[in-house]
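The values are calculated or read from the model by the stated rules, or taken from the named source; none is laboratory data. The model shown is predicted, which means the values in this text are computed figures rather than measured ones. With ideal geometry, Cβ positions are generated from the backbone for all residues, glycine too; neighbour counts draw on all protein chains shown.
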C-alpha cells in the first residue's frame with residue numbers, strides 16, 4: 001500500500017524534473033549553428049522513431065496496417081481519417097487474416 | 001506567418017483540436033485503470049497519479065512493475081527511463097516557453113505530452129502561428145480525458161474489454177503516422193528520418209534495448225545528422 005504512494009511521489013518528481021530540464025536546457029542552447037539545427041530537426045526524427053518503435057514491436061499485421069495508415073495520411077492529410085482507417089485495418093487483419 | 005491571435009482563442013482551439021488524440025490516449029487510460037485495479041489502487045490514487053505524473057506509458061510501466069512484484073524503486077526507475085524522451089520534447093519547443101513568467105514555464109512544461117506537442121507542431125507545419133496557449137489548452141483537454149478514462153478504468157475494471165481485441169491499441173500509432181506526414185517539409189528530411197528508422201530497427205529487432213531507449217537513440221541520431229550537415 002505504501003509502495004503505491006512512494007511510486008506516485010517518486011515518478012511525479014522525476015517526470016516533472018525531466019520536463020523542466022528540457023525547457024531549461026532548450027533555452028540555454030545556442031539559437032543558431034549546429035545545435036539549433038539539431039533541435040529544429042528533433043521533433044520530426046523523434047516522431048519517426050516513435051512510430052518505428054511501435055510498428056517494429058508488432059508483427060506483419062501492424063506493418064501492413066501501418067503502411068495503409070501511411071497511405072491514407074499521404075493522400076488525405078487527415079488525422080481523423082488516418083486513425084479511423086488505421087484502427088479498422090488492424091482490426092480486420094487481426095480477425096480475418098492469419099500471419 | 002500571421003500575427004498571433006488572442007490567447008483565449010488559441011487556448012480554445014488547442015482544447016478542441018486535440019480531442020481525437022485525447023480519445024486515443026483515453027483508451028490507454030482505461031487499460032491503465034484495469035492495471036491499477038490489479039495493484040489495488042483506489043480512485044484517489046489514480047487521480048493524483050494522473051494529475052502529478054501525467055505521462056501515460058510511464059504510469060502503465062510503473063504500476064505493471066508493482067503488480068509483478070518488482071518493488072517501488074524499480075517501478076520509479078522504469079517509469080522515469082521511459083519519460084527521458086520528454087526532455088527532448090520540451091527542449092525541441094523551447095520558443096514556446098521563452099520569455100514567460102516562471103509559473104507559466106512550469107505549467108506549460110508539465111502539460112506537455114507527446115500528443116499536444118505533436119499537434120502543435122502539426123498546426124505550425126500548416127502555417128498557423130500557434131504557441132504556448134494552444135499547447136496549454138490542448139494539454140488541459142488531455143489531462144481531463146486522461147483523468148476521466150483512468151478513473152473510469154479503475155472503477156469499472158471488470159466490465160472493460162481488452163483494447164487489443166477492438167484494434168484501438170493502434171490509435172496512437174495511426175495518429176503519429178498522420179502527424180509525421182504533416183511534419184514532412186522537404187527532401188532534406190528524408191535522410192535524417194531514414195536514419196532514425198534504421199537506428200531504431202537495429203536496436204529493437206535483435207532485442208538489444210527496449211522501445212523507449214531505441215526511440216531516444218533513433219531521434220537523436222537522425223537530428224544530429226541533420227544538424228551537422230551543411231546548409232541543413
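A few points about this structure:
- Positions within the range A:5-33 being more than 21 Å from the chain's Cα centre (by Cα) and at pLDDT below 95, in sequence order: A:24, A:25, A:27, A:28, A:29, A:30, A:31, A:32, A:33
- The C-beta contact set for the range B:93-108 (first residue assigned by TED's automatic domain parsing to the domain that holds residue B:11, second residue surrounded by fewer than 18 Cβ atoms within 10 Å (Cβ to Cβ) and in a helix (DSSP H, G or I), distance under 6 angstrom, 6+ apart or interchain) comprises B:94/A:27.
- If you go through the range B:79-129 and keep only what is more than 9 Å from every other protein chain (Cβ to nearest Cβ), closer than 18 Å to residue A:12 by Cα and not in a loop (DSSP other than H, G, I, E, B), you end up with B:81, B:82, B:103, B:107.
- Among the residues of the range B:202-232, just one is under 19 Å from the mean Cα position of the chain (by Cα) and not in a helix (DSSP H, G or I), namely B:210.
- Residues in the range B:155-174 that are modelled with pLDDT of 85 or more and buried (at least 24 other Cβ atoms within 10 Å of the Cβ) were compared, and the one that is nearest to residue B:20 (Cα to Cα) is B:174.
- From the list B:152, B:201, B:214, B:223, the lone residue that is buried (at least 16 other Cβ atoms within 10 Å of the Cβ), modelled with pLDDT of 85 or more, under 27 Å from residue B:29 (Cα atoms) and not assigned by TED's automatic domain parsing to the domain that holds residue B:42 is B:214.
- One residue stands out in the range B:151-201 among those that are assigned to a loop (DSSP other than H, G, I, E, B) and more than 7 Å from every other protein chain (Cβ to nearest Cβ): the one that is farthest from residue A:67 (Cα to Cα), namely B:156.
- Only one of the listed residues (B:18, B:53) is closer than 16 Å to residue A:4 by Cα, buried (at least 21 other Cβ atoms within 10 Å of the Cβ), within 13 Å of the chain's Cα centre (by Cα) and in the same structural domain as residue B:143 (by TED's automatic domain parsing). That residue is B:53.
- Residues (surrounded by fewer than 19 Cβ atoms within 10 Å (Cβ to Cβ), closer than 19 Å to residue B:18 by Cα and within 8 Å of another protein chain (Cβ to nearest Cβ)) located in the range A:41-80: A:77, A:78, A:80
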